[in-house]
Amino acid sequence: MLLISCPWCGPRDETEFVYGEAAVERPADPASTTDAEWTDYLYFRDNPKGEHKELWFHRSGCHRWFVLERNTVTHAIAGAYPPKARPVTEDEA
Amino acid sequence: MNRQVWRTEAGGSGIDRGEPRSFTFNQWRLEGYAGDTVASALMANGVRLVGRSFKYHRPRGVFGIGAEEPNALLQIGTGARREPNTRATVQELYQDLLAQTQNHWPSLQFDLGSLVNAAGALFPAGFYYKTFVTNPKRWLWYEKHIRRMAGLGPPPSEPDPDHYAHSNAHCDLLIAGAGPAGLAAALVAGNAGARVILADENPALGGQLLLAPQQVDGQPGQEWAAAAHARLAAMPNVRVLTRTTVSGVYEHGHFALVERCTDHLAEPAPHLPRQRFWTVRARDAVFATGAIERPIAFANNDRPGVLLLSAVRGYLERYGVLAGRTAVLFANNDSVYNTARELAAAGMRIEAVVDPRPFVSEAAAQAKADRLHVLSGHAVVGARGWRSVRAAEVAPIDANGKVKGVTSVLACDLIGVSGGWNPAVHLHAQSRGSLAFRVDLAAFVPQSAGAPYQSAGAAAGVYDLAGCLQQGYAAGAVATRALGFEQADEPLAPPVISDPVGNAPAFWGVQASRGARCFLDLQNDVTTKDVSLAHRENYVSVEHLKRYTTLGMGTDQGKTSNVAGLALMASKRRQPLPTVGTTTFRPPYTPFTFNAMAGGRWREVGHPVRRTAVHDWHAANGAVWTDAAGWARPMYYETEGQAPQQRIDEEVLAVRQTVGVVDVSTLGKLDIQGPDAPEFLDRVYVNRFSNLKVGRGRYGVMLREDGRVFDDGVTMRLGPDHFHMTTTTNHAGAVFQFLEYLLQVVWPELRVFVTPVTEQWFAAALSGPNARAMLADLAPEVDVSNEALPMMGMAEGIVGGVPARIFRLSFSGEIAYEINVDADYGLSLWNVILAAGVAHDLKVYGTEAMGTLRIEKGHFTHAEADGRVTLGDLGLDTMISPAKDCIGKRSLSLPDLVAPGRKQMVGLIAEEGSHIPVGAQLGLNDDLETPQESQGHVTSHAYSATLGRHIALALVRDGLARHGERLYAVSPVMGERAAVEVVAPCFYDPEGGRQRG
């Protein structure tokens, strides 16, 4: 069971959260995308062995979505921060 | 009369001779002592034969002394509390314990299944693959026989009467195993102030200190261990868990522990859980799990009376039990010599100590000088006897382990075997630590570099007592310092008196003569020949080897057998053992019952039922329940003497002819507020909401990003910036989560708050021609006229004495009002409605009638919008506003979504008197035998009392253009068929005049 640090609530058991999906940016103007670009956004995801940015939802908690940087091999968590926010570096923390 | 003839006169540090315990083994009444295990008590009574093997039904006896035991699996207890496959070596004895053997017929002594042993050549490794791959039908015949012949004990058939508990704990340091290394680590960390959990699977702490006479700090080992236990128990920051196995290691310091709370008690107090499943978060851990002695393969090395050497020693030291009268001890390491002296001192005759090493060690030379019969450079090549060892065949061997001389026969009833030790690396490997092979130990040891947790003591390949203590102290100090505790000084290890150890060189087995079986895996009856066969047939990878031969499977997961099997495969492949590798170590370390994992979370606790405010009224009035997103909803209301369909028909007809009421509290409700709320809804729904007037509602559909229908419902505008959205019952949570995703991730600039309020409201829908008159009675202060409260209008006011929101909307196609009140007023409103309904012929209806009404009206639900369906497929694409974008709109022009041949929603009407089979596919003919191309499938169907016909909704290929066509609903599964006519999906009042009237 992962131990996930919600950016708002702190470390909590994985069971409080639900996995959303990979943290991919939605095209700002879908109408201007080609079919290939749009289906790439819809269906195609990297399946990396290693670092992965993903969106989680704190369902049994604060109802916030956040980005989790998780290593898919080791489960090491490099960071958790609000979407569209820059991760706080070690110097700043 | 004391029949414990194999018990020594004195000794046995773990038993209390003043506390006799009688128990039953099969039909025999036997005696043991408090502190015995079932295995030690059986051995004290001279019981040799405790089971029959898995495949060949060979007689088997106790082999080990702890969790590693492969043979002595018994059924303990009776009835619903009968626990099969219990290791006799860990089951503690209690008064009137009932133990029974398993896997034999008709009896343990005379088992017809052992005929399989004679026919063993017919059952080689891969028997199942080879026999059944060409003709699977044979399996049907063989299965019932094989299932009876092969296998372990049967599970009890009654529900488990015991209860189980879950506990959560946090600590700085978890220590698995309380032998010398684990105790030392715990003392250091505890003294430094760290929060420590020390867990050991045995009832007493001490590990190997309890199983061999040794001295620590001038005290006998078990006394030192007991003193350490007392010191740890006195520390408020240390929790000691006995009878607790660290079973699994998971991510981020998560450990699973299983504590056996009452399995050792004759009469457990009813409030105690039988077992407790611990979820521990530890900042760090030390694995001090010891090592498991390994056997040496020789012919018939599975006979009762062949035991691990350390077990022979342990039964004497701990339980005062002699494992035999006359012993041949066979070991490739120096631990055998002290053992031999101890056994001889206790009265056992040591026929010979057989040491296969090509040299005479110092300890061996000393033993020879002490007049022990030591045969260096010899090996036991076979055991004689059937239900018990009668003799050992001993022969000289050369440096390569090959027999090079005359075999002599030594009469004995016990062969104690030690081929060295394998560190119990299970937890280390589970934590993703890697393994290194140490040639001097011929064993895999934890690779400390890069490992997330330290291993200490024998688990790390340190076998001498002084070294174990020293490494335990060091591990405790390293961990506590790393955790930030200051005064974690590493004490000097106390002086000890223990065995000379000496390295155990690789010696896995002797060359078998033709026809003899040399067992590697006793539990699964895997012999050296099976491994050779797997190699010949190219199952050479360790994972293939395991599955082809079943080596290392079963309840012991090859604790005594794996490495020897892998070593044999390595020699066959002519590769070093580390290259061949090991199979993956997975939790659990030892088996435990599923109920411990479930804990209290089963039935209602495991799956809580959501109840509406009037649940109890439903229950008291004959509700037949269905589950909808966890809610208990009445399908219909039962009355004696009426068929369910009759009840449903009455409920439907009440709505069509007078008035009905249904509890719709389960619909998802979201309160949406903020200056950008109208814009937000425009982006979410396919149709526009920003132009909706305050006090009015609109039916909306939202799509998924891939263009398929996601959810639908009516949203009312309560104010300029305030909306009340309803969702389907099933998708209430998903819609909320999705809206939050859009607001937080995609459009964080929108100023909108979404609050789920499903549970805050109770809602009842009144529908039918009498609904308006009835509402007027209920809410005399509210103008309910069609002008003041038209379709998709709303009103606020007092209904039945409580403040309410009235939404006029219709799912049934009749005039209908949804009355929403604070959930706490739900029952009050419901009772007022029922009282007022008497004058209007009101009937309460359930989800079945509601479903029938909506099918008659052609409204889709998730049965139709099943995740593959677009609004166009439902014939509703005119709802989509062309003037604005929305979620999913971009996908609607993708080629697949506009291609011909999509399944589209239609209505189906059956011929008079015939019904539409459940789950039917639609075909062009009604042939049930010959496969035909499916034209579509039935999604929802009902008997329509309104029309007197069976009707359905269906998804049919290009269905919008096929109205009027005849198709056949066929269900080869049910053996049913019906001719149906494809029609428009609305069967009743298609103009909608009734609901607007």
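The values are calculated or read from the model by the stated rules, or taken from the named source; none is laboratory data. Just so we're clear, the structure is a prediction, and the values are computed from it rather than from any experiment. Every residue, glycine as well, gets a Cβ built from its backbone with ideal geometry; the counts of neighbours run over all protein chains shown.
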**Q.** Enumeration of residues in the stretch A:1-31 that are in contact (Cβ under 8 Å) with a residue 40 or more places away in the chain and part of a loop (DSSP other than H, G, I, E, B)
**A.** A:2, A:7, A:8, A:9, A:17, A:23
Q: Consider residue B:694 carefully, then state whether it is among the hydrophobic types (A, V, I, L, M, F, W, C) and crowded, with 18+ Cβ neighbours inside 10 Å.
A: no
(Q) Cβ-Cβ under 6 Å, sequence separation 6+ or interchain: first residue in the stretch B:368-386 and under 19 Å from residue B:305 (Cβ atoms), partner aromatic (Phe, Trp, Tyr) and not in a strand (DSSP E or B). Which pairs? (A) B:380/B:298; B:381/B:298; B:382/B:298
Q: Report yes if some residue within the stretch B:865-875 is crowded, with 21+ Cβ neighbours inside 10 Å, over 25 Å from residue B:689 (Cα atoms) and of a type in the set (S, T, N, Q); otherwise report no.
A: no
Q: Just one of (1) within 11 Å of another protein chain (Cβ to nearest Cβ); (2) surrounded by fewer than 13 Cβ atoms within 10 Å (Cβ to Cβ); (3) within 14 Å of residue B:252 (Cα to Cα) trips up residue A:29, so point out which.
A: (3)
Q) When you scan the stretch B:49-90, how many residues do you find that are part of a strand (DSSP E or B), over 17 Å from residue B:301 (Cβ atoms) and of a type outside the set (Lys, Arg)? A) 8
Q) Would it be correct to say that residue B:178 is touching a strand residue (DSSP E or B) at 6+ places or on another chain (Cβ under 9 Å), aliphatic (A, V, I, L, M), under 26 Å from residue B:465 (Cα atoms) and crowded, with 23+ Cβ neighbours inside 10 Å? A) yes
Q: Please state which of the following conditions residue B:574 fails to meet, knowing it meets all the rest: (1) in contact (Cβ under 8 Å) with a residue 24 or more places away in the chain; (2) of a type in the set (Lys, Arg); (3) on the phi > 0 side of the Ramachandran plot.
A: (1)
Q: Find the residue count for the stretch B:1-29, including only residues that are at pLDDT 95 or above, surrounded by 13 or more Cβ atoms within 10 Å (Cβ to Cβ) and of a type in the set (Lys, Arg).
A: 3
Q.
Taking the conditions exactly as written (within 9 Å of residue B:668 (Cβ to Cβ), modelled with pLDDT of 95 or more and touching a strand residue (DSSP E or B) at 6+ places or on another chain (Cβ under 6 Å)), does residue B:724 satisfy them or not?
A. no
Q. In this structure, does residue A:23 turn out to be within 11 Å of another protein chain (Cβ to nearest Cβ), among the aliphatic types (A, V, I, L, M) and surrounded by 12 or more Cβ atoms within 10 Å (Cβ to Cβ)?
A. yes
Q: Among residues belonging to the stretch A:32-47 that are more than 10 Å from every other protein chain (Cβ to nearest Cβ) and assigned to a loop (DSSP other than H, G, I, E, B), point out the one that is surrounded by the most Cβ atoms within 10 Å (Cβ to Cβ).
A: A:45
Q) Any residue in the stretch B:483-493 that is crowded, with 24+ Cβ neighbours inside 10 Å and not small (Gly, Ala, Ser)? A) no
**Q.** Criterion: outside any strand (DSSP E or B) and either out of contact with any helix residue (DSSP H, G or I) (no Cβ under 7 Å at 6 or more places or on another chain) or on the phi > 0 side of the Ramachandran plot (or both) - qualifying residue of B:256, B:269
**A.** B:269
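Within the group B:764, B:776, which residue is within 24 Å of residue B:850 (Cα to Cα) and free of Cβ contacts under 8 Å to residues at least 24 places away in the same chain?
It is B:776.
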Q | Scope the stretch B:246-304; condition within 14 Å of chain A (Cβ to nearest Cβ), of a type in the set (Val, Ile, Thr) and crowded, with 23+ Cβ neighbours inside 10 Å; matching residues | A | B:249
**Q.** Selection within the stretch B:735-783 - part of a strand (DSSP E or B) and either among the acidic types (Asp, Glu) or within 14 Å of chain A (Cβ to nearest Cβ) (or both)
**A.** B:753, B:754, B:755, B:756
Q. Taking only pairs six or more apart or across chains, which ones have beta-carbon atoms under 6 Å, a first residue in the stretch B:605-625 that is at pLDDT 95 or above, and a second residue that is among the acidic types (Asp, Glu)?
A. B:612/B:663; B:614/B:663; B:622/B:638; B:624/B:638
Q. In the list B:730, B:770, B:786, which residue meets the criterion of being in contact with a helix residue (DSSP H, G or I) (Cβ under 7 Å, 6 or more places away or on another chain) and either touching a residue at least 24 places away in the same chain (Cβ under 8 Å) or crowded, with 21+ Cβ neighbours inside 10 Å (or both)?
A. B:770
Q) How many residues are away from every other protein chain (no Cβ under 14 Å), part of a strand (DSSP E or B) and more than 20 Å from residue B:763 (Cβ to Cβ) if we restrict to the stretch B:684-709? A) 4
Q: Answer yes or no as to whether residue B:732 is of a type outside the set (Phe, Trp, Tyr), touching a Ser or Thr at 6+ places or on another chain (Cβ under 7 Å) and under 22 Å from residue A:61 (Cα atoms).
A: yes
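Residues checked against (1) surrounded by fewer than 24 Cβ atoms within 10 Å (Cβ to Cβ); (2) at pLDDT 90 or above; (3) in a helix (DSSP H, G or I):
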{"residue": "B:523", "(1), (2), (3)": "no, yes, no"}
{"residue": "B:530", "(1), (2), (3)": "no, yes, yes"}
{"residue": "B:538", "(1), (2), (3)": "yes, yes, no"}
{"residue": "B:545", "(1), (2), (3)": "no, yes, yes"}
{"residue": "B:568", "(1), (2), (3)": "no, yes, yes"}
{"residue": "B:571", "(1), (2), (3)": "yes, yes, yes"}
Q: Among the residues of the stretch B:960-983, write down those that are exposed (fewer than 15 other Cβ atoms within 10 Å of the Cβ) and under 14 Å from residue B:906 (Cα atoms).
A: B:961, B:963, B:964, B:966
Q: Kindly state which strands (runs of 3 or more DSSP E) lie completely within the stretch B:807-912 and contain at least 2 residues that are in contact (Cβ under 8 Å) with a residue 40 or more places away in the chain, in contact with a helix residue (DSSP H, G or I) (Cβ under 6 Å, 6 or more places away or on another chain) and more than 14 Å from chain A (Cβ to nearest Cβ).
A: B:816-822, B:903-910
Q.
Go through (1) among the β-branched types (Val, Ile, Thr); (2) modelled with pLDDT of 90 or more; (3) buried (at least 18 other Cβ atoms within 10 Å of the Cβ) for residue B:583 and report which single condition fails.
A. (2)
Q.
Looking only at the stretch A:1-46, count every residue that is over 16 Å from residue A:83 (Cα atoms) and either basic (Lys, Arg) or touching a strand residue (DSSP E or B) at 6+ places or on another chain (Cβ under 9 Å) (or both) and tell me the total.
A. 10
